[in-house]
1. Of all residues in segment 139-157 being over 18 Å from Cys190 (Cβ atoms) and away from ligand 1 (no atom under 16 Å from the Cβ), which is most open to solvent (accessible area, probe 1.4 Å)?
2. Considering only residues that are surrounded by 12 or more Cβ atoms within 10 Å (Cβ to Cβ) and of a type outside the set (Ser, Thr, Tyr), which ones fall in segment 246-257?
3. Here are some residues: Thr91, Thr97. Which one is more than 16 Å from ligand 1 (Cβ to nearest atom) and in contact (Cβ under 8 Å) with a residue 24 or more places away in the chain?
4. Look at segment 41-80 and say how many of its residues are touching a residue at least 40 places away in the same chain (Cβ under 8 Å) and open to solvent by less than 40 Å² (accessible area, probe 1.4 Å).
5. Does at least one position in segment 221-238 carry a residue that is within 14 Å of ligand 1 (Cβ to nearest atom), of a type outside the set (S, T, N, Q) and more than 15 Å from the chain's Cα centre (by Cα)?
6. Would you check if Gly143 is at pLDDT 95 or above, farther than 22 Å from Ser242 by Cβ and of a type outside the set (Ser, Thr, Tyr)?
7. Could you tell me whether Leu4 is under 16 Å from Leu140 (Cβ atoms), open to solvent by less than 10 Å² (accessible area, probe 1.4 Å) and not in a helix (DSSP H, G or I)?
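The values are calculated or read from the model by the stated rules, or taken from the named source; none is laboratory data. For clarity, every value in this text was computed on a predicted model and none was experimentally measured. Reconstructed Cβ throughout: ideal geometry from the backbone, glycine too, with neighbour counts over all protein chains shown. The area values use the complete protein model at the heavy-atom level, side chains included, leaving out ligands, DNA and RNA. Shrake-Rupley method; radii C 1.70, N 1.55, O 1.52, S 1.80 Å.
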Amino acid sequence: MNNLKLVAARPSGERTIVDVLGLRVGEGLCVIAGPCAVESEDQTIRTAVAVKAAGAKMLRGGAFKPRTSPYAFQGMGLKALKILALARRETGLPIVTEVIDTRDVSWVGEYADVLQIGARNMQNFSLLREAGKSGKPILLKRGMYSTIEEWLNCAEYILAEGNDKVILCERGIRTFETYTRNTLDLSSICAVRKETHLPIFVDPSHGTGILSMIEPMSLAAVMAGAQGLEIEVHISPSSALSDKDQQLTPKEFALLMRKLNRLHEFLPELAAMKGEEP
Ligand code: PEP
Ligand code: MN
């Protein structure tokens, strides 16, 4: 990938750590959890308190939802951002929220600690430039129709504006397979780790759209080298206004966190294993 300059892996092998309110993303395992969308103060605060107790490091929640249908729930906008700010005050968790419009980057950045650029906007080059100029940490999701090289070039747009606080997030791509919502490309973790110095996360919620696959894909992602995960959690998934079929309950999330932490403890031992003489 010789067109990459700023995001290309460094010869020294040094990896970027993204600082989010003192949290060092890229070091240890960082799980972002929370509802697909902010629906009310009660729903958001209760979810935030639960995911924090389970070990999540950041809170996600959509204020602007990029929906397939213009008639579907579009998010609560400013009201949602104010609720997220309350949740941060309550739990101390940094806020991750999507920005979908170039005109909103600077004011949404006053509420968010990490600006998410979603799959549908991955190649919105004006949005990428604006995100770069904001200087805020950016979670850049992989476009559902994008190659790894196109994705990394989008990160390059942000770094070219002087902002190197970029976290990449694999969230599945469209293939001929229709069993899952998307085909979660876990091999991209290895490619990204080889080609860039930026941290790589995985979103198994949108990546599969299937509740029972979230745990195995999360564990597999960490095993393959992902430095974090983004997982949808809702206090009452069946009544969610968006993505009700893929949101974990706080209880399911807590069990997943216990398994993830156990696996993460075990990784250095695997990494240190050496081949033995026959
Ligand atoms: C999301 O994380 O809320 C989202 C819409 O994901 P994606 O952009 O990956 O579809
Ligand atoms: Mn969602």
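1. Ranking the candidates gives Tyr157 first.
2. As a first pass, look at segment 246-257 and keep what is surrounded by 12 or more Cβ atoms within 10 Å (Cβ to Cβ): 246-250, 252-257.
If the condition is that a residue be surrounded by 12 or more Cβ atoms within 10 Å (Cβ to Cβ) and of a type outside the set (Ser, Thr, Tyr), then Gln246, Gln247, Leu248, Pro250, Glu252, Phe253, Ala254, Leu255, Leu256, Met257 are the ones that fit.
3. Numbers: Thr97 fails: more than 16 Å from ligand 1 (Cβ to nearest atom).
Just a single option satisfies the conditions, and that option is Thr91.
4. Number of matching residues: 19.
5. Filtering segment 221-238 down to residues within 14 Å of ligand 1 (Cβ to nearest atom) leaves 228-234.
Now narrow it down to the ones that are of a type outside the set (S, T, N, Q): 228-234.
Add one more test, that the residue is more than 15 Å from the chain's Cα centre (by Cα), and what stays is 234.
Yes; the residues of segment 221-238 include at least one that is within 14 Å of ligand 1 (Cβ to nearest atom), of a type outside the set (S, T, N, Q) and more than 15 Å from the chain's Cα centre (by Cα).
6. no
7. Numbers: under 16 Å from Leu140 (Cβ atoms): yes; open to solvent by less than 10 Å² (accessible area, probe 1.4 Å): no; not in a helix (DSSP H, G or I): yes.
So Leu4 does not fit the description; no.
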